[in-house]
Amino acid sequence: MDFRDFILRKIVYLFITLFAIITFNFFLFRILPGDPARAFTKGLSADMVFLIREKFHLNDPPLTQFYYYLVQVFTGDFGISSSLFPRADIGDVLWPRIVNTVILVGIGTALAIYLGVTLGKYAAWRRGRATDTVGMTFALTFYSMPTFLFALVLLMVFAGTGWFPLRGAIGELPFIGRVDPYEMSLWERIISRGYHLILPVIAFTLEIMAEFAIIMRNSLTDVLTEDYITTARAKGVPNSMILKDHAMRNALLPVVTVMAISIGWVLGGTIMVELVFSYEGLGKLTWDAVGARDYPILQALFLIMAVAVLVANLVADIVYTYLDPRVTV
Amino acid sequence: MPKSERIDLYIKNVKKTWGIFRTSKIGVVGMCILLVFIFMAIFAPYLATVPNPTDQENFEENHLDDGWVNPMPPSFEFSPYTGLMHPLGTDHLGRDIYSLTIYGARPSLYVGLMATLISAALGTVVGLGAGYFGRATDEILMRTTDFFLVLPWFPLMIVLMTILGQEFIWIIVVIGITSWPSTARIVRSQVLTVKERQFVERARAVGSGDGHIIAKHIMPNVLPLIFANTVLLVSLAIFSEAFLSFFGLGAKGVVSWGTMLEGAYTNGAFDTGAWWWITLPGMAIVTLVLGFSLIGYALDDVLNPKLRKR
């Protein structure tokens, strides 16, 4: 089977899973006791309640409701929030949050992959020596530490110094202080965002990196005991080339798989970091929605995160086939 | 095989495994950490300075005129009001941090073990069914597993907890039902190789039923391998409990390390620099999770013959 068939098949699977997730998401929120429109109908007359329920299609049978839900999801209409006032359109609420989270997760994950793979590589190459012990102790400590705890420690350490902004995604400039974001120029906005990102990215990166480093190390030590590495050494291939051309390509495969599986972990990390640093992303929004029991927002958030994981899995599959041409599933 | 002989063989196997496990330094360290925490959970009333730290009677009250304000920093003096010592200070309600942390080992270990039990049982049943029966059963069960594997489980736990309500039992159930897919995959792949072996074929030839074959021939060969994975699941479950509690979805009325940290965060311990409030519960979580991870990795080394020769 060639590469195009493989991708097509993956995409068909992706759509089936997507449909299953949407169905799951729809019925999950129907287990809730009580009337979904309750938040909007408090203190209204019976006629008004009926009209509002009619507007949300709540008087129809469940399958018809599901049909409307499908149509609305695919047209990007997530409904309105039940806690924000005025009844905000969830799409409008989500977009800026998605941008904030993608910036944080993008920078953090890229750094974590790079640093984790590098650390794991050095630890495996010097297995049993000081670099290995120190590196793995470092990685295991961060691996065992909940992300929120490390974020809290950072917050406490830097709270006294005032070197970095502790809350929010934008608003402070280095050496200047608090500025109204609406009065900033484009460059100032970028600088301010970067300034606000420093602590959340450190917390996020170190936590995610630890897992990658451990897996990279274990996978590479495994590969380095293989016979073909000994052969390469015997015929005089330089160490750097053994590592780069012979060992790393095989050792990276399990790492890619684990990365795909750990996307759920990554999302958990983002939620915690955003919560601690009050960074206005999807994680903070989840927390706000849970606190206000805003089910429409929660439903939209769950769908978006599930789709993000699906897409990440597809990317991991493609990377995997690129790294390992033998795989033709 | 007579029963006594079987037990002898079993004991011999355990001894052999323990012998290999003992050579792994990190495994022994992890085991020691775990034993310390189990000791802490069982003998909590004797180790704590305040016998029942969640009892209203043992709370320190604010005495603003005397300069006694909660949270109080650590001191080895006895409180003039309740006569209790707070070697690691108190929280915003006047509860003793040291004693709360000692008692906190109970819910953490309990959630970790019970949730893992649920998850391992679910994963084993699904994996056995899929691997042994194959065909349509396999297809259906594995597609379901794949589906749960791609669901983002942190957000899923949050949503489920919001819908179900903040009860201790729900925390256990929610963690249990969101973490089984990886076990199911491991069990299935193992069953696939075991069921092709000759002794299974022979058992079938002499007329054994599916139930007998699964229970007597497949299970004993599969269970040791999921053991390492199960130990790692425990640390994940403890982690998840701390996360849910910190998120504000912890069980009402249960004081765990996660809820202590949540209290510290929401009551501004980080702005006022009340380090004693977070250090102990934070260290407790890290150490316990580290202990389970170390045991898990060591078991992986022991039970995985490919790695053993390293």
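In whole percent, how big is the carbon plus sulfur part of the accessible area of the range A:77-165, probe 1.4 Å, protein atoms only? Ligands and nucleic acids excluded, carbon and sulfur give 70 percent.
Relative contact order of chain B, taken over Cα pairs closer than 8 Å and 6 or more residues apart, is 23 percent.
Spin-label pair residue B:93-residue A:316: with each label point 7 Å from Cα along the Cα-Cβ axis, the two points sit 4.0 nm from one another. Rolling a 1.4 Å probe over the heavy atoms of the protein chains gives chain B an accessible area of 48 Å² per residue. Panel note: contact residues of the range A:138-159 (accessible area lowered by at least 40 Å² against the chain on its own; 1.4 Å probe) correspond to A:140, A:143, A:144, A:146, A:148, A:149, A:152, A:156.
Computing FRET efficiency as 1/(1 + (r/R0)^6) for residue B:139 and residue B:221, where r is the C-beta to C-beta distance and R0 is 25 Å, gives about 0.55. If R0 is taken as 51 Å, the Cβ-Cβ distance between residue A:293 and residue B:13 corresponds to a FRET efficiency of 0.45.
Helices from chain A with mean Kyte-Doolittle at least -1.0 and a Cα length along the axis of 30 Å or more, per DSSP H: which?
Details: long enough: A:3-28 (37 Å, 1.57); A:90-125 (50 Å, 1.23); A:186-224 (49 Å, 0.93); A:295-323 (42 Å, 1.87).
Membrane-span-like by this criterion, though nothing is claimed about a membrane: A:3-28, A:90-125, A:186-224, A:295-323.
Over the range A:155-282, Cα pairs under 8 Å with separation of 6+ residues give a relative contact order of 30 percent.
Couplings for the range B:171-178, taken from phi via the Karplus curve 6.51 cos²θ - 1.76 cosθ + 1.60 with θ = phi - 60°, read 4, 4, 5, 4, 5, x, 7, 9 Hz in order; Gly and Pro are left as x.
Note down the magnitude of the dipole of the range B:121-250 about its Cα centre, charges +1 on Lys and Arg C-beta and -1 on Asp and Glu C-beta and zero elsewhere, to the nearest 20 debye.
On the way: 9 positive and 8 negative charges, 93 e Å.
So the dipole magnitude of the range B:121-250 works out to roughly 440 debye.
Can you give the convex hull volume per residue for the Cα atoms of the protein assembly as shown, as a whole number of Å³?
Cα convex hull per residue, to the nearest whole number: 231 Å³.
Using the Cβ-Cβ distance between residue A:240 and residue B:55 with R0 = 51 Å, the FRET efficiency computed as 1/(1 + (r/R0)^6) comes to roughly 0.20. Of the whole protein surface, residue A:68 contributes about 80 Å² of accessible area at a 1.4 Å probe radius. Springs join every pair of Cα atoms under 10 Å in this Gaussian network model of chain B, and among B:96, B:210, B:300 the largest mean-square fluctuation is at B:210. Relative to the first principal axis of the alpha-carbon coordinates of chain B, what is the inclination of helix B:153-164, with its axis defined by its Cα atoms, in degrees from 0 to 90 and to the nearest 10? Compared with the principal axis, the helix lies near 70 degrees.
Of all the options A:221, A:64, A:161, the one that moves most in a Gaussian network model of chain A with Cα springs shorter than 10 angstrom is A:161.
Only the Cβ atoms of Lys and Arg (+1) and of Asp and Glu (-1) were treated as charged; on that basis the dipole of chain A about its Cα centre amounts to roughly 700 debye. The apolar share of the surface of the range A:213-329, taken as the fraction of accessible area on carbon and sulfur atoms (1.4 Å probe, ligands and nucleic acids excluded), comes to 64 percent. Taking the longest Cα principal axis of chain B as reference, the axis of helix B:257-266 is set at about 40 degrees. Specify which residue in the list A:83, A:117, A:322 is farthest towards the positive end of the charge dipole of chain A, using unit charges on the beta carbon of Lys, Arg (+1) and Asp, Glu (-1), about the Cα centre. The residue sitting farthest along the positive end of the dipole is A:117. A simple spin-label model places the labels of residue A:95 and residue B:266 3.4 nm from each other, with each point 7 Å out along Cα-to-Cβ.
Per residue, the solvent-accessible area of chain A (1.4 Å probe, heavy atoms of protein chains only, all protein chains present) comes to 50 Å².
Averaging sequence separations of C-alpha pairs under 8 Å and six or more residues apart, then dividing by the length of the range B:105-227, give the relative contact order as a whole percent. Show your work: numbers first, answer last.
On the way: 107 pairs, mean separation 42.1, N = 123.
Relative contact order of the range B:105-227: 34 percent.
The modelled label-to-label distance for the pair residue B:198/residue A:180, using points 7 Å beyond Cα in the direction of Cβ, is 8.6 nm. Per-residue extension of 0.36 nm, minus the Cα-Cα distance of residue B:125 and residue B:205, leaves a gain of 26.3 nm for this segment. Note on chain B: with a GNM built from Cα contacts shorter than 10 Å, the maximum mean-square fluctuation among B:137, B:287, B:90 falls on B:137. Going from the chain on its own to the full set of protein chains, the range A:279-322 has these residues losing 10 Å² or more of accessible surface (heavy atoms, 1.4 Å probe, no ligands, DNA or RNA): A:286, A:287, A:290, A:293, A:295, A:298, A:302, A:305, A:306, A:309, A:310, A:313. Using alpha carbons only, how many degrees (0 to 90, rounded to 10) separate the axis of helix B:275-303 from the longest principal axis of chain B? On a 0 to 90 degree scale, this one is about 10.
Taken across both chains, chains A and B shield about 4300 Å² of accessible surface from a 1.4 Å probe.
The values are calculated or read from the model by the stated rules, or taken from the named source; none is laboratory data. Remember, predicted model here, so these are calculated numbers, not experimental data. Using ideal geometry, Cβ is built from the backbone for each residue, glycine included, and neighbour counts are taken over all protein chains shown. Ligands, DNA and RNA are stripped out before the accessible areas are found, and what is left, the full protein with its side chains, is counted by its heavy atoms. Shrake-Rupley method; radii C 1.70, N 1.55, O 1.52, S 1.80 Å.
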